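*Asks:* Here you go, one structure.
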Amino acid sequence: MAPDFVFSPIRELAEEIRAGKISPVDLAETFLDRLESLGPRYNAVVTITRERALGQARLAEREIERGSYRGPLHGVPYGAKDLLATSGGIPTTWGAAPFRDQTFDHDATVIRRLEEAGAVLAAKLAMIELAGGGGYRQPNASFTGPPRNPWNPDYWTGGSSSGSGASVAGGFVPFAIGSETWGSILSPANNCGVAGLRPTYGRVSRHGAMALSWTLDKLGPLCLTADDCGLVLEAIAGPDPRDPSTMDRPFKYDADAPTEGFRLALLKGATTDVDEGVLANFEESLKVLERVATVEEIELPDLPYEAITRTILNAESASAFEELIESGRTSELTAPEDHYGLYARTVVLAKDYLKALRLRATMARTADEAMSPYDAVVAPARRSPASPVDEEFRRTTPGTARDIMGAVGNGAGLPSVSVPNGFTGDGLPTGVQFMGKAYDENTILAVARAYQSMTDWHDRHPPGL
Amino acid sequence: MSNEESEILFELVKGRYGDRLTPEELEEVRKGVERVAETALALRGVKLENWDEPFSIFKPYRKGE
């Protein structure tokens, strides 16, 4: 039987820790034990960092006892997607067999900032190899095995932040850090029934993170609630001279922002060809949201949004992984399609890449203008729920599977938060996303908090865990 | 991007890496190059003005500044 606090949001855990009702060391031991006993069942974990975790937990305990409380993450365990560099001999594998013994002599900025906030690194979490950079088409695309969903281990977690989604959903850690280039936070948040926040591009330093696409990569939290995402974002956001994409624009989480009177936009076509269960839950979500928001349909001008973002991703990933491609070691990757997926990207012409970058500027202005009257764009987090763990997921996605929200959101660097909004008839979670204008994390988090205050999907957890 | 251009690019990939790939894998690479070509075609269909430039601006570098 899991202790009561295993599925407590960070905010509640923090109150207990600060009041001395929960010991950070006991908390760390509990989650380390769960990572060890349950993590392998779901292929969710690469490395458990027990020694480092207990050292950090003991320090947190001593500091809190003597009144040096650092804030809501002090003494709270977490897991990091295994593309974030960690020092001390802890491997950073990028989920990929050719890098399974890779180590670094430094911590990624996010890891360092979380340490400064007093958080406790309990594990490096499983991920899709190279964050999906090889063009994988199936869940079995990681040397740690296909990531299994805590709601039903015969189904996938989503990816590429697979272990991050599974570990929060399963109560293996109170929160996790993931990354998104195109869908890699929102997909596992959707499939695993947790909250996931993709911050504005440049909000969080990527120093020490594996690069898949320099102008698309973002790091963000996966948590039990949107409120928790705000707490974690405040700890990890901010400028970093080691990542020139970061902006000198401080982020202070506003947990008291109004949670009513919102204007939401619904992108025309956003619900075309989505799964039946996803659509039913989304329509129900809109009814709930009508209590605190108006919803109007909008249409974006006709631009090749997906081609813009896809071309940038193709060109930058071919360059980021040039050494791996030339070495021929892609043949060591797990998914057969990842053995050759990067090769075609090596022939993106420079002029087409530059055209995509020029069109990105048009796309960003277009999206900002269309969204300017609204607090957020609301849409299903994904078009379909989790797919079976042993099937190619692109075969299970209905319709033509266009992803305008993902293309615009990631291409223009816009923030989005996904929170659970129900279950399909098969008992698989679905999510609703709120995408905001650049730098508007506080607004979308307020909308998501409002939604979660009117629903209890986030209070439900996988049976038996 | 024409089919001819796509074929030329595929031949370039094949020439560089073909000895590592099975015929089945090469066929998948061909499809991948065709997808790259399709996305390029979509981009090329949009007119931009001469002065429409990317967001990423090169900044000359001096240590410490």
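*Asks:* With label points built 7 Å along Cα→Cβ from the Cα atoms of A:Glu36 and A:Glu51, find their separation and express it in nm.
*Replies:* So the label points at A:Glu36 and A:Glu51 sit 1.5 nm apart.
*Asks:* Another question, then. Which of these, B:Glu53, B:Glu27, B:Glu38, has the largest mean-square fluctuation under a Gaussian network model of chain B (Cα springs below 10 Å)?
*Replies:* Checking each option, the largest mean-square fluctuation is seen for B:Glu53.
*Asks:* Run a plain Debye calculation on chain A (Cα atoms as equal point scatterers, no solvent) and give log10 I(q)/I(0) at q = 0.06, 0.08 Å⁻¹, rounded to two decimals, same order as the q list.
*Replies:* For chain A at q = 0.06, 0.08 Å⁻¹, log10 I(q)/I(0) is -0.22, -0.40.
*Asks:* Measuring from a point 7 Å past the Cα of A:Ser453 along Cα-to-C-beta, which residues in segment A:231-264 have an amide N at less than 14 Å?
*Replies:* Counting only backbone N, you get A:254-262.
*Asks:* With a point put 7 Å past each Cα toward its Cβ, work out how far A:Arg365 is from A:Gln102 in nm, to one decimal.
*Replies:* In this crude spin-label approximation the distance works out to 3.8 nm.
*Asks:* Something else about it: Listing A:Thr103, A:Thr86, A:Thr157 from the residue with the fewest other Cβ atoms within 10 Å to the one with the most, what is the order?
*Replies:* A:Thr103, A:Thr86, A:Thr157
*Asks:* Each label point is 7 Å from the Cα along the Cα-to-Cβ direction; what then is the distance between the points at A:Arg394 and B:Leu12, in nm?
*Replies:* Label at A:Arg394, label at B:Leu12, 2.2 nm between them.
*Asks:* How high is the FRET efficiency between B:Glu24 and A:Glu15 when r is their beta carbon distance and R₀ equals 51 Å, given to the nearest 0.05?
*Replies:* 0.30
*Asks:* A further question follows. Tell me, A:Thr362, A:Thr259, A:Thr109 in order of fewest to most beta-carbon neighbours within 10 Å?
*Replies:* A:Thr362, A:Thr259, A:Thr109
*Asks:* Here's another thing I want to ask about it. If you take the square roots of the eigenvalues of the alpha-carbon gyration tensor of segment A:399-465 and sort them as a ≥ b ≥ c, do you get rounded (a/c under 1.5), prolate (a/b over b/c) or oblate?
*Replies:* Oblate is the answer for segment A:399-465, as a/c is 1.5 or above yet b/c matches or exceeds a/b.
*Asks:* Report, in cubic angstrom per residue, the convex hull volume of the C-alpha atoms of segment A:258-307.
*Replies:* 102
*Asks:* Same structure again: Given 25 °C and 0.890 mPa s, how large is the Stokes-Einstein diffusion coefficient of segment B:3-44 in µm²/s, with Rh as the Kirkwood radius over Cα pairs?
*Replies:* It diffuses with D of about 234 µm²/s by this estimate.
*Asks:* Cα centroids of chain B and segment A:53-101: how far apart, whole angstrom?
*Replies:* The distance from the Cα centre of chain B to that of segment A:53-101 comes to 39 Å.
*Asks:* Could you list A:Ile48, A:Ile308 so that the one with the fewest beta carbons within 10 Å of its beta carbon is first and the one with the most is last?
*Replies:* With the fewest neighbours first, A:Ile48, A:Ile308 line up as A:Ile48, A:Ile308.
*Asks:* Got a sec? Charge dipole of segment A:257-297, +1 on Cβ for Lys and Arg, -1 for Asp and Glu; which of A:Ala293, A:Leu279, A:Ala257 is way out at the positive end?
*Replies:* A:Ala257
*Asks:* Still on this structure: Scan segment A:1-108 for trypsin sites (Lys or Arg not before Pro) in coil per DSSP, keeping those whose Cβ has at most 12 other Cβ atoms within 10 Å, and list them by number.
*Replies:* A:Lys21, A:Arg66
Bear in mind that the values in this text are calculations on the coordinates, not laboratory data. All figures in this text were calculated on a predicted structure; none of them were measured in a lab. As a convention, Cβ positions derive from the backbone with ideal geometry for all residues, glycine included, and neighbour counts pool all protein chains shown.
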